[in-house]
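The values are calculated or read from the model by the stated rules, or taken from the named source; none is laboratory data. The structure displayed is predicted, hence computed values, not measured ones. Please note: Cβ atoms are built from the backbone with ideal geometry, for glycine as well, and neighbour counts cover all protein chains shown. The accessibility values were calculated without ligands, DNA or RNA, using every heavy atom of the protein model including side chains. Shrake-Rupley method; radii C 1.70, N 1.55, O 1.52, S 1.80 Å.
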Amino acid sequence: MPETIRIKVNGVAVDVPEHTNVAAAVTRAGHVHFRRSVTGQPRGPLCGMGICFECRVTIDGQPHRRSCQVLCRPGMEIQTDDA
Amino acid sequence: MTPERQFDVLVVGAGPAGLAAACCAAESGRRVGVVDDNPDLGGQIWRGERVHPHHKEAGAWLQRVRTASLDFLPGMQVIGQNGPGRLLAETADGACELRFERLILAPGARERFLPFPGWTLPGVLGAGGLQAMVKGGLPIEGRRVVVAGSGPLLLAVAAYLRTRGAKASLIAEQAAWSALLPFGLALLRTQPDKTRQALALRWALRGVPYRTDCWPMRADGDGKLASVTLTNGRRTWSVPCDYLACGFGLVPNLELPLLMGCDVRAGFVAVDEMQQTSVNGVYGAGEVTGIGGLDKSLTEGQIAGYAATGQPAKARRLVAARKRSQRFAATLNTAFALRDELRHVAAPDTLVCRCEDVSYDRVRRHESWRAAKLQTRCGMGPCQGRVCGAATEFLFGWPTTSVRPPIYPTALANFLESPANPASLA
């Protein structure tokens with residue numbers, strides 16, 4: 001069995017397999033909307049490789065982190081724009 | 001004080017080209033560093049291979065990486081230049097200066113996305129984008145996926161997603177059957193290995209229709225994707241799906257080469273026989289010199305690694321292999337050229353710039369990329385035009401080859417004190 005990591009997405013605890021990135025973890029937590037665009041539209045990941053900036057979330061209080069480029073670490077707290 | 005790292009050879013990009021360059025450079029005994037903004041090495045095509053090995057050739061190269069004496073700097077992004085021989089980079093913890101004698105640029109490519117109504121809906125991703133997400137842990141089992149756009153990547157992505165339990169319902173390739181046929185025949189004649197790969201992919205995808213002359217018209221859904229409407233130019237039909245994986249070929253990541261002053265010709269970094277760019281001591285390898293896939297990247301990376309460390313004889317032995325992979329790349333790019341109809345899929349209110357939410361109608365009134373940027377903020381958001389620049393280049397024929405530091409958004413603290421900030425030179 002792969003190790004699991006416990007993180008929080010919008011205050012709710014989620015267990016994810018190790019090597020899971022934050023974008024995948026947010027989706028696993030049931031969220032489709034990662035951020036709101038400048039005109040308020042819901043957005044989710046597009047490029048999966050750090051180019052498009054659509055998957056930005058707040059990680060441990062740091063806003064505008066590209067969730068696809070960050071691996072989950074135990075205890076990480078993630079917030080989407082709809083939190 | 002910004003921390004510093006000193007290398008004889010610094011490689012930017014840890015995909016196949018960068019890793020091959022780094023391994024060959026390290027053979028000379030010089031101090032070699034590899035920087036990449038991704039959390040792990042492998043780039044896009046070998047993403048996840050270190051943890052979950054699948055690809056034999058990747059395994060062999062990663063083994064070589066492990067035994068070579070390399071400093072790997074993951075999760076670090078180059079954002080500017082701090083004068084000759086110095087790059088400014090950052091991690092989540094702050095800024096860092098990377099010093100080098102020789103620099104090898106292997107920043108790879110990104111997907112080209114084209115706007116169509118509904119393409120901003122969550123659930124619409126790049127083709128490589130969805131694959132990267134699944135490799136990153138996104139559950140795909142039982143999900144209905146339509147793969148669309150253009151290029152051999154579509155087949156590879158669909159086959160991968162299927163092995164992970166996705167229900168791939170359709171692969172929609174915009175290229176015409178009449179354009180792909182000569183490509184297939186040339187493959188059969190000159191590239192038996194690639195023919196075998198293509199046949200293996202097709203076998204893995206048995207039961208999944210591969211439609212040529214077919215492209216997405218719109219995506220629909222309430223807050224997230226529910227269906228995609230496709231056309232073959234004569235009729236349109238809708239396919240319900242959970243994900244649309246859609247990319248229209250690849251475009252090189254030119255931001256850093258442009259910032260360093262490297263000449264760009266016909267959209268790619270110009271290099272000489274030894275992969276050296278127009279800037280002395282700066283080399284380019286992989287997709288950034290021309291979209292050509294894995295073999296070309298590995299060969300160019302090795303040449304650059306040898307050439308940058310005074311091993312020209314070893315570099316020259318690879319020149320014939322490079323020629324073969326470049327010829328293959330040329331056939332590939334002709335076969336998958338984008339059709340004109342794709343320029344007319346966006347509706348007036350379809351967003352072109354997803355960072356600043358600028359519509360097609362507002363962008364098309366302008367005569368150049370620069371004018372559109374100044375008047376509408378198209379391309380002025382966090383992605384700095386990496387998505388809409390490649391789209392407007394195709395839609396309106398606007399060249400977008402100008403960059404300014406920092407080439408990625410960064411915290412002011414990382415930039416203010418740096419010589420990479422033009423204002424700090426005053």
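Check whether at least one residue in region B:202-219 is at pLDDT 95 or above, under 23 Å from B:LEU121 (Cα atoms) and of a type in the set (Gly, Ala, Ser), and report yes or no. Yes, that holds for at least one residue.
Note on region B:124-147: residues that are out of contact with any Lys or Arg (no Cβ under 9 Å at 6 or more places or on another chain) and closer than 14 Å to B:ARG47 by Cβ total 4. With the condition kept exactly as written, say whether any residue in region B:415-424 is free of Cβ contacts under 8 Å to residues at least 60 places away in the same chain and surrounded by 15 or more Cβ atoms within 10 Å (Cβ to Cβ). No, every residue in region B:415-424 fails to be free of Cβ contacts under 8 Å to residues at least 60 places away in the same chain and surrounded by 15 or more Cβ atoms within 10 Å (Cβ to Cβ). For region B:18-28, state whether one or more residues are open to solvent by less than 20 Å² (accessible area, probe 1.4 Å), away from chain A (no Cβ under 14 Å) and touching a Pro at 6+ places or on another chain (Cβ under 9 Å). Yes: one or more hits. Selection within region B:360-385: residues that are out of contact with any helix residue (DSSP H, G or I) (no Cβ under 8 Å at 6 or more places or on another chain) and open to solvent by less than 20 Å² (accessible area, probe 1.4 Å). The member of this set that is nearest to the other protein chains (Cβ to nearest Cβ) is B:CYS383. Selection of region B:316-334 for residues being surrounded by 16 or more Cβ atoms within 10 Å (Cβ to Cβ) and modelled with pLDDT of 95 or more yields B:LEU318, B:ALA321, B:ARG322. With respect to the conditions (1) outside any helix (DSSP H, G or I); (2) without any contact (Cβ under 8 Å) to a residue 40 or more places away in the chain; (3) crowded, with 17+ Cβ neighbours inside 10 Å, B:PRO348 lacks only one, and its number is (3).
Flag set for A:THR20, criterion: open to solvent by less than 10 Å² (accessible area, probe 1.4 Å), among the β-branched types (Val, Ile, Thr) and at the interface with another protein chain (Cβ under 7 Å from one of its Cβ atoms).
Taking the conditions (1) more than 17 Å from the chain's Cα centre (by Cα); (2) more than 23 Å from A:ASP15 (Cα to Cα); (3) within 11 Å of another protein chain (Cβ to nearest Cβ) in turn, B:SER169 satisfies each one other than (3). The residue that is least open to solvent (accessible area, probe 1.4 Å), among those in region A:70-83 that are in a loop (DSSP other than H, G, I, E, B), within 11 Å of chain B (Cβ to nearest Cβ) and not β-branched (Val, Ile, Thr), is A:CYS72.
For region B:221-260, list the strands (runs of 3 or more DSSP E) that sit wholly inside it and hold at least 1 residues that are open to solvent by 40 Å² or more (accessible area, probe 1.4 Å); which are they?
B:236-240, B:250-252
One residue stands out among those in region B:264-315 that are crowded, with 18+ Cβ neighbours inside 10 Å and acidic (Asp, Glu): the one that is farthest from B:GLY249 (Cα to Cα), which is B:GLU300. Take the conditions away from chain A (no Cβ under 14 Å) and either of a type in the set (Val, Ile, Thr) or in contact with a Gly (Cβ under 7 Å, 6 or more places away or on another chain) (or both) and apply them to B:ALA329. Does it pass? For B:ALA329, the condition - away from chain A (no Cβ under 14 Å) and either of a type in the set (Val, Ile, Thr) or in contact with a Gly (Cβ under 7 Å, 6 or more places away or on another chain) (or both) - is met. In the set (1) farther than 16 Å from B:GLY301 by Cβ; (2) open to solvent by 50 Å² or more (accessible area, probe 1.4 Å); (3) away from chain A (no Cβ under 13 Å), B:ARG50 fails one condition alone, (3). Only a single criterion out of (1) free of Cβ contacts under 8 Å to residues at least 60 places away in the same chain; (2) surrounded by fewer than 23 Cβ atoms within 10 Å (Cβ to Cβ); (3) of a type in the set (A, V, I, L, M) is not satisfied by B:ILE45, namely (1). Taking the criterion of being free of Cβ contacts under 8 Å to residues at least 24 places away in the same chain and assigned to a loop (DSSP other than H, G, I, E, B), the residues of region A:1-17 that qualify are A:MET1, A:PRO2, A:GLU3.
If you take just the strands (runs of 3 or more DSSP E) that sit entirely in region B:60-158, which of them hold at least 1 residues that are surrounded by fewer than 19 Cβ atoms within 10 Å (Cβ to Cβ), among the hydrophobic types (A, V, I, L, M, F, W, C) and within 14 Å of another protein chain (Cβ to nearest Cβ)?
In region B:60-158, there are no strands (runs of 3 or more DSSP E) which contain 1 or more residues that are surrounded by fewer than 19 Cβ atoms within 10 Å (Cβ to Cβ), among the hydrophobic types (A, V, I, L, M, F, W, C) and within 14 Å of another protein chain (Cβ to nearest Cβ).
Go through the residues of region B:174-192 one by one and say whether even a single one is touching a Cys at 6+ places or on another chain (Cβ under 8 Å) and on the phi > 0 side of the Ramachandran plot. No, the conditions are met nowhere in region B:174-192.
Residues in region B:313-345 that are closer than 11 Å to B:GLN275 by Cβ and in contact (Cβ under 8 Å) with a residue 24 or more places away in the chain: B:ALA315, B:VAL319, B:ARG322. Of all the residues in region A:28-69, those that are buried (at least 24 other Cβ atoms within 10 Å of the Cβ) and either more than 7 Å from chain B (Cβ to nearest Cβ) or in a helix (DSSP H, G or I) (or both) number 6. Here A:VAL12 qualifies as more than 9 Å from every other protein chain (Cβ to nearest Cβ), among the hydrophobic types (A, V, I, L, M, F, W, C) and farther than 25 Å from B:CYS355 by Cβ.
Yes/no per residue for (1) farther than 30 Å from B:SER227 by Cβ; (2) touching a residue at least 24 places away in the same chain (Cβ under 8 Å); (3) of a type in the set (A, V, I, L, M, F, W, C):
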position	(1), (2), (3)
B:ARG31	yes, yes, no
B:VAL34	yes, yes, yes
B:HIS55	yes, no, no
B:THR91	yes, no, no
B:GLU111	no, yes, no
